[in-house]
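Here's the structure we're looking at; comments come further down.
The values are calculated or read from the model by the stated rules, or taken from the named source; none is laboratory data. Source: prediction; values computed, not measured. Glycine also receives a Cβ, built like all others from the backbone with ideal geometry; neighbour counts cover every protein chain displayed. Heads up: the accessible areas ignore ligands, DNA and RNA and are worked out on the full protein's heavy atoms, side chains in. Shrake-Rupley method; radii C 1.70, N 1.55, O 1.52, S 1.80 Å.
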Amino acid sequence: LISQSSAAPGCNNTISVTIVQNVPLPANGASVIITFNPAVSVGLREGNVTLRGLDATSFNSVGVWSAADNSLRLAVSSDLPVCQNVTFEFDVCNPASVASPVSHILLQDSKPVNISAEGPGVGILPVEMDSAHVSTDAQPLRVYAPLFTVKNIGQSSPYPGVLNTVTVTVAANFNMVSKTQVVLHGFEGVDMMSDGDLLLQGPDAGKFVSLAGSPGYGTWVGCDSALVLELSSELGCNTSRFTISFVVTNPLLAQDCVDVRINATVPSTCEDSSFFTVTQQRIA
């Protein structure tokens, strides 16, 4: 059996495994090999991988990852008898970008994972591991594309030439880590004195810093009619949400509501790249 804890892009994901074999696997000779489909991106670095769980010590609590084979090799360190559950888990970092995404919503789908064993007097051919016992999102290495799941914006006043407090609430299915830059585009007609630091308000204002390094500020870029918000700390995979406000001066001439868009550049916490981008979306 095999399953995962998270389908969120760029987030930590615990892979849980339970195996039962019909032949004994002796210590100091036998190995168990878990092989992922070559089309699937697995967030593991070459070399040792820490194992946890009830029976992790059966493999000295460590496996060895081979990127060339997309496989995890587990050297048996204590005899594994027949017909006995062996349960362990290990962590991967879900990809946030792949060469050929499944769709604009799904980055990669789960594909069959094989398990085999080898060693002196041991030969278990690769067989497909079962993940049908869990929900679709718990099937191994199914990962969503990074998206903003909440994109709300509102204002305090529609009247010309007055101060107007704009409030934005954003949530994401990825981890907005420190140095993530969220950009709000499309504030045409806004009367701002100059480019540079713009004071933020609201419950999460203190989580941001301007490009000049001022805590509690964003950065106004007039030529793009855009506000750049840079996070000073990590929001977390399960709490990647914020609400901020800022004050602008409304234009004197009447205009319809503007079409505000949002996108982000996010430092990667996995080994696949230095950063990933979140496609521009309309905010309403």
Could you count how many residues in the range 75-119 are small (G, A, S) and loosely packed, with under 14 Cβ neighbours inside 10 Å? 4
With the first residue restricted to the range 1-30 and required to be closer than 15 Å to P126 by Cα, and the second required to be polar (S, T, N, Q) and in a loop (DSSP other than H, G, I, E, B), Cβ contacts under 8 Å at 6 or more apart or on different chains are L1/S131; I2/S131; I19/N85; V20/Q84; V20/N85
Of the residues D197, D204, which is open to solvent by less than 40 Å² (accessible area, probe 1.4 Å), farther than 19 Å from Q280 by Cβ, among the charged types (D, E, K, R) and touching a residue at least 12 places away in the same chain (Cβ under 8 Å)? D204
Only residues in the range 131-146 that are on the phi < 0 side of the Ramachandran plot and basic (K, R) count as the first member; pair them with residues that are surrounded by 20 or more Cβ atoms within 10 Å (Cβ to Cβ) and in a loop (DSSP other than H, G, I, E, B), Cβ under 9 angstrom, at least 6 apart or cross-chain, and list the lot. R142/A7; R142/S110
Check off (1) under 30 Å from H104 (Cβ atoms); (2) touching a Gly at 6+ places or on another chain (Cβ under 7 Å) for Q181 and give me the number that stays unchecked. (2)
Please work out which one of (1) within 30 Å of S5 (Cβ to Cβ); (2) at pLDDT 90 or above; (3) open to solvent by 50 Å² or more (accessible area, probe 1.4 Å); (4) of a type outside the set (D, E, K, R) is the condition N238 fails and give its number. (2)
Taking the residues in the range 61-120 that are in a loop (DSSP other than H, G, I, E, B) and on the phi > 0 side of the Ramachandran plot as candidates, determine which candidate is nearest to the chain's Cα centre (by Cα). N70
Tell me, which residue of the range 42-67 that is surrounded by 12 or more Cβ atoms within 10 Å (Cβ to Cβ) and of a type in the set (V, I, T) is nearest to L107 (Cα to Cα)? V42
Could you list, in sequence order, all residues of the range 221-267 that are charged (D, E, K, R) and out of contact with any strand residue (DSSP E or B) (no Cβ under 8 Å at 6 or more places or on another chain)? E234, D256
Does the range 164-179 contain at least one residue that is open to solvent by 60 Å² or more (accessible area, probe 1.4 Å) and of a type outside the set (D, E, K, R)? no
Anything in the range 119-154 that is touching a helix residue (DSSP H, G or I) at 6+ places or on another chain (Cβ under 9 Å) and within 21 Å of V266 (Cα to Cα)? List them, or say none. R142, Y144
Output the number of residues of the range 161-175 satisfying the condition of being out of contact with any Asp or Glu (no Cβ under 7 Å at 6 or more places or on another chain) and either within 17 Å of A264 (Cβ to Cβ) or aliphatic (A, V, I, L, M) (or both). 10
Say we look at the range 44-60 and pick out the residues that are touching a residue at least 24 places away in the same chain (Cβ under 8 Å) and in a helix (DSSP H, G or I); which of these is farthest from the chain's Cα centre (by Cα)? S58
Specify which of the listed residues (A254, A226) is open to solvent by 70 Å² or more (accessible area, probe 1.4 Å) and among the small types (G, A, S). A254
